[in-house]
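Notes for the one structure printed next.
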């Protein structure tokens with residue numbers, strides 16, 4: 001029997017990990033599900049706006065008996081429909097600087113290893129020319145080598161970018177987060193979820209984030225980007241300091 005997804009056009013799966021859902025988050029913070037396992041794909045084009053924020057959220061599940069040593073990552077690309085030219089590409093597995101090469105496994109979004117997870121990519125200002133595109137999304141091991149996809153949805157999801165036109169080529173400024181799904185967090189108490197170091201991952205609940213954002217807004221009049229990501233990163237930085245007995 002062929003691996004799940006191989007009989008569908010432009011889709012491949014090894015049945016080691018699988019994508020549970022893919023969401024797009026537009027400049028107004030609205031999330032739209034373009035893929036959910038077991039449901040028919042949304043084929044209508046999604047509208048994004050030049051210069052506004054863009055987010056991609058991918059939920060996944062490990063199907064192997066034990067998660068491998070490398071964490072699960074995400075790669076995505078925009079391909080222009082008019083000439084099938086790849087325009088924008090980003091991923092979690094390639095190192096993005098010489099310094100990152102030296103500390104590859106220490107990067108925050110490569111730490112979590114577990115049965116169920118979520119990877120989010122955030123671009124504060126989308127700099128893609130107006131026009132029609134096809135979005136490719138895949139999940140793969142975070143290792144600093146060539147891509148070896150667990151599952152790939154190739155040229156699957158239509159996107160239309162509106163707004164200002166630009167002639168220049170650019171490199172997207174992307175930040176990533178990687179965390180266990182809500183349904184997976186309960187396993188951490190029994191050792192079912194672990195980080196690269198073998199300890200349970202820190203748990204940041206929605207209530208914690210809501211209270212943190214509320215506290216931050218009392219002191220900061222204007223918050224750019226994603227306030228919850230800011231609060232989560234402050235929390236992680238304080239935890240790292242405390243764990244290292246440096247505070």
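None of the figures in this text is laboratory data; all of them are computed from the coordinates on show. Please read these numbers as outputs of a predicted model, since none were measured by experiment. Cβ sites come from the backbone with ideal geometry, for glycine too, and all protein chains shown count toward neighbours.
Things worth noting here:
- Ranked by the mean number of other Cβ atoms within 10 Å of their residues, highest first, the peptides 134-141, 15-22, 58-65 come out as 134-141, 15-22, 58-65.
- Spacing of the modelled spin labels on residue 154 and residue 102, each 7 Å from Cα toward Cβ, amounts to 3.8 nm.
- Each residue in 110, 118 was given a count of other beta-carbon atoms within 10 angstrom of its own, and listing them fewest first yields 118, 110.
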